[in-house]
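Engineer: This is the structure, below, for whatever I ask next.
The values are calculated or read from the model by the stated rules, or taken from the named source; none is laboratory data. For clarity, every value in this text was computed on a predicted model and none was experimentally measured. Backbone-built Cβ (ideal geometry, glycine too); neighbour counts: all protein chains shown.
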């Protein structure tokens with residue numbers, strides 16, 4: 001029963017963790033060493049039925065999440081922005097580590113049924129880390145290339161060109177590393193190959209989905225679209241009804257999917273390209289038609305992941 005359950009919120013930082021148990025109100029702080037994580041896991045296991053929530057904190061949460069999961073505890077990694085929005089909604093504007101832990105616990109109680117429990121996947125974690133660094137290098141390369149258009153100083157141009165050469169080699173190394181991870185993990189390789197059978201889906205999008213969207217195939221099509229940020233939210237009040245607006249979501253997945261849709265349109269794919277052309281023929285603006293087609297792409301990929309045997313392993 002929900003009222004018999006303890007909801008544990010943990011605010012994560014590099015040096016320590018702040019823990020709050022709702023509804024008892026018990027709070028304490030512990031260190032982040034492996035021994036202290038083990039002691040924390042034993043203490044939390046003694047609570048009986050419990051759900052544990054901790055915020056994604058740039059990687060600092062990984063060791064704690066893995067330790068608690070290994071101890072058999074049920075936990076959820078939640079989005080900091082949603083917890084903060086929840087805190088504001090209930091009138092808590094102050095922000096400290098202790099308050100954050102309490103807000104995580106209360107947020108978890110409110111939305112636990114809609115969350116996916118944490119399940120570590122070392123291969124996906126490697127893909128996630130590699131693809132994230134690849135995105136950082138691509139952003140750096142884009143900035144440096146734009147500078148070459150305006151910089152005449154030979155020394156600076158030479159340094160930029162050398163850096164661009166290094167970035168190109170690093171990106172190639174990262175691509176090889178991602179391919180190696182897939183080759184060493186047959187289940188991911190099969191899923192990757194299945195996703196790529198859809199026109200427009202290249203290795204970058206397929207890898208990004210495997211690494212950064214573990215919910216694919218486990219949620220409804222609307223939730224999948226919302227996770228990518230292409231699901232319009234209704235905006236109606238009284239007699240006023242405005243067009244829906246997309247907000248939030250995982251921007252890097254949306255950006256990659258957008259390019260995949262452009263590719264499908266360019267080759268006149270009968271599914272995605274045809275859908276886009278029908279929207280344009282009906283007078284829909286370019287951007288609206290593009291976002292709608294990205295949503296259709298995510299819906300198709302979600303359906304594939306839900307039904308294809310490659311995703312059932």
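Engineer: Please find, among 268, 278, the residue that is out of contact with any strand residue (DSSP E or B) (no Cβ under 9 Å at 6 or more places or on another chain), over 17 Å from residue 196 (Cβ atoms), at pLDDT 95 or above and surrounded by fewer than 18 Cβ atoms within 10 Å (Cβ to Cβ). Lay out the reasoning, then the answer.
Structural biologist: Working: 268 fails: at pLDDT 95 or above.
The match here is 278.
Engineer: Within the stretch 111-129, is there a residue that is over 22 Å from residue 12 (Cα atoms), surrounded by 15 or more Cβ atoms within 10 Å (Cβ to Cβ) and without any contact (Cβ under 8 Å) to a residue 24 or more places away in the chain?
Structural biologist: Looking through the stretch 111-129, none of the residues is over 22 Å from residue 12 (Cα atoms), surrounded by 15 or more Cβ atoms within 10 Å (Cβ to Cβ) and without any contact (Cβ under 8 Å) to a residue 24 or more places away in the chain.
Engineer: Follow-up. Name the residue, out of 195, 188, 210, 174, that is assigned to a helix (DSSP H, G or I), touching a residue at least 12 places away in the same chain (Cβ under 8 Å) and more than 22 Å from residue 300 (Cα to Cα).
Structural biologist: Numbers: 195 fails: more than 22 Å from residue 300 (Cα to Cα); 188 fails: more than 22 Å from residue 300 (Cα to Cα); 210 fails: more than 22 Å from residue 300 (Cα to Cα).
Sole residue among the options that is assigned to a helix (DSSP H, G or I), touching a residue at least 12 places away in the same chain (Cβ under 8 Å) and more than 22 Å from residue 300 (Cα to Cα): 174.
Engineer: Find the residue count for the stretch 114-158, including only residues that are over 16 Å from residue 207 (Cβ atoms) and not in a helix (DSSP H, G or I).
Structural biologist: As a first pass, look at the stretch 114-158 and keep what is over 16 Å from residue 207 (Cβ atoms): 114-120, 139-158.
Add one more test, that the residue is not in a helix (DSSP H, G or I), and what stays is 115-120, 149-153.
Count: 11.
Engineer: Follow-up. Given the residues 47, 68, which is the only one that is touching a strand residue (DSSP E or B) at 6+ places or on another chain (Cβ under 8 Å), outside any loop (DSSP other than H, G, I, E, B) and free of Cβ contacts under 8 Å to residues at least 60 places away in the same chain?
Structural biologist: None of the other options fit; the residue is 68.
Engineer: Can you pull out the residues in the stretch 4-28 that are surrounded by fewer than 14 Cβ atoms within 10 Å (Cβ to Cβ), more than 18 Å from residue 96 (Cα to Cα) and modelled with pLDDT under 90?
Structural biologist: 4
Engineer: Also: Would you check if residue 67 is at positive phi and assigned by TED's automatic domain parsing to the domain that holds residue 81? First the steps, then the outcome.
Structural biologist: Details: at positive phi: no; assigned by TED's automatic domain parsing to the domain that holds residue 81: yes.
For residue 67, the condition - at positive phi and assigned by TED's automatic domain parsing to the domain that holds residue 81 - is not met.
Engineer: Still on this structure: If I filter the stretch 4-12 for residues that are in a loop (DSSP other than H, G, I, E, B) and in contact with a strand residue (DSSP E or B) (Cβ under 7 Å, 6 or more places away or on another chain), do I get at least one hit?
Structural biologist: Of all residues in the stretch 4-12, those in a loop (DSSP other than H, G, I, E, B) come to 5.
When the remaining residues are screened for being in contact with a strand residue (DSSP E or B) (Cβ under 7 Å, 6 or more places away or on another chain), the result is 5.
Checking the stretch 4-12: at least one residue is in a loop (DSSP other than H, G, I, E, B) and in contact with a strand residue (DSSP E or B) (Cβ under 7 Å, 6 or more places away or on another chain).
Engineer: Picking from 9, 67, which residue would you name as being farther than 29 Å from residue 133 by Cα and more than 19 Å from the chain's Cα centre (by Cα)?
Structural biologist: On the way: 67 fails: farther than 29 Å from residue 133 by Cα.
Testing whether each residue is farther than 29 Å from residue 133 by Cα and more than 19 Å from the chain's Cα centre (by Cα) leaves just 9.
Engineer: What number of residues within the stretch 86-106 satisfy the criterion of being loosely packed, with under 14 Cβ neighbours inside 10 Å and over 13 Å from residue 12 (Cα atoms)?
Structural biologist: Number satisfying all stated conditions: 7.
Engineer: Of everything in the stretch 13-40 that's part of a helix (DSSP H, G or I) and closer than 26 Å to residue 81 by Cα, which residue is farthest from the chain's Cα centre (by Cα)?
Structural biologist: Taking the stretch 13-40 as the starting set, the residues that turn out to be part of a helix (DSSP H, G or I) are 34-40.
Narrowing the set further to residues that are closer than 26 Å to residue 81 by Cα leaves 37, 40.
Working: 37: 25, 40: 27 Å.
Taking the candidates together, the pick is 40.
Engineer: If you check residue 31 against the conditions, is it touching a strand residue (DSSP E or B) at 6+ places or on another chain (Cβ under 9 Å), touching a residue at least 24 places away in the same chain (Cβ under 8 Å) and surrounded by fewer than 19 Cβ atoms within 10 Å (Cβ to Cβ)? Full working, then the answer.
Structural biologist: Details: touching a strand residue (DSSP E or B) at 6+ places or on another chain (Cβ under 9 Å): yes; touching a residue at least 24 places away in the same chain (Cβ under 8 Å): no; surrounded by fewer than 19 Cβ atoms within 10 Å (Cβ to Cβ): yes.
Spelling it out, it is not the case that residue 31 is touching a strand residue (DSSP E or B) at 6+ places or on another chain (Cβ under 9 Å), touching a residue at least 24 places away in the same chain (Cβ under 8 Å) and surrounded by fewer than 19 Cβ atoms within 10 Å (Cβ to Cβ).
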